[in-house]
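Worksheet: one structure, shown below.
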Amino acid sequence: MDHSPYTVNDVMTTTVVAVDPDAQFKEIVATMEKWKVSALPVLEGEGRVVGVVSEADLLTKGEPRDSDRGLIEKMRGLDDTAKAVAVSARDLMTTPAVTVRAGASLPQAASRMAYHQVKRLPVVDDDEILQGIVSRADLLKVYLRSGDAIAAEVRAEVVDRLFPVSRQDIQVDVNDGVVTVTGRVRDSELISVAIRLTHAIDGVVDVNCLLTGPSTGGAPAT
């Protein structure tokens, strides 16, 4: 069995609510409220993503103007000040948009979200045309895989490949995403490799490796 790691394409939402650059403040707020989203891609032309307008962008509208701030702080706040008087998505949005490709791995997408401190990413093609959107919740969908599916993949991709001679003596159990591998193998040096490969399988929460080497005195690996 050959399984490719899950990508953004596998979990993203393809029906996306978006606005154009001329969308007005109240229209943006109403759209967010209607669709229960906290951010909207801003599209231009044939669907090219030119920015994202979020609740954080809109909330600058209610921030007080403090004339007593220091010069450096004022300079840093110029963007927020501009947004505070803006009325259209063109001026409210954050640009360039932080996006991701459909072929990106889920860890890559998660890392990008964390680095840029955003909750969702527009998914675009090479021309920056919108293909979908992926959220933090979408990235967690992989952990909904059934225990049977995970166990089958561990056996096919790890046990059968690393331990073709000993595989009949190895048991794989999965409970709430935690994989327990039990048995005796001929090459104990491959146990650490098996642990690493099992951790890398989509949906695995943790690995409890109880494999032992050929010696009867061998201790289980952890």
Going residue by residue through region 26-40, the Karplus relation 6.51 cos²θ - 1.76 cosθ + 1.60 with θ = phi - 60° gives ³J(HN,Hα) values, rounded to whole Hz and with x marking Gly or Pro, of 5, 5, 5, 4, 5, 5, 4, 5, 4, 9, 6, 10, 9, 7, 10
Using the Karplus curve 6.51 cos²θ - 1.76 cosθ + 1.60 with θ = phi - 60°, work out ³J(HN,Hα) for each residue of region 110-117 in order, rounded to whole Hz, and write x for Gly and Pro. 4, 5, 5, 4, 5, 5, 8, 6
With residue 139 itself left out, Lys, Arg at +1 and Asp, Glu at -1 over residues whose Cβ is under 14 Å from its Cβ give +3
Leaving ligands, DNA and RNA out of it, rank 7, 95 by accessible area with a 1.4 Å probe, largest first. 95, 7
Under 5 Å, built H, 5+ apart or other chain: amide partners of residue 102: 124
Please list the non-local residues whose amide H lies under 5 Å from the amide H of residue 51, H modeled 1.01 Å from N, same-chain partners needing a gap of 5 or more. 42, 97
Unit Cα scatterers, Debye sum, region 99-141: log10 I(q)/I(0) for q = 0.14, 0.18 Å⁻¹: -0.26, -0.43
For region 9-15, 3J(HN,Hα) per residue [Karplus equation, 6.51 cos²θ - 1.76 cosθ + 1.60, θ = phi - 60°, Hz, x = Gly/Pro]: 4, 6, 10, 5, 8, 8, 8
Residues with amide H under 5 Å of residue 184's amide H, sequence separation 5 or more or different chain, H placed in the peptide plane at 1.01 Å from N; which? 212
Tell me the net charge near residue 191. Cut-off is 15 Å between Cβ atoms, residue 191 excluded, with +1 for each Lys or Arg and -1 for each Asp or Glu. +2
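The values are calculated or read from the model by the stated rules, or taken from the named source; none is laboratory data. Worth saying up front: this structure is predicted, and the values here are computed from it rather than measured. A quick note on method: Cβ atoms are made from the backbone with ideal geometry, for glycine too, and the neighbour counts reach across all protein chains shown. What goes into the accessible areas is simple: the full protein's heavy atoms, side chains included, and nothing from ligands, DNA or RNA. Shrake-Rupley method; radii C 1.70, N 1.55, O 1.52, S 1.80 Å.
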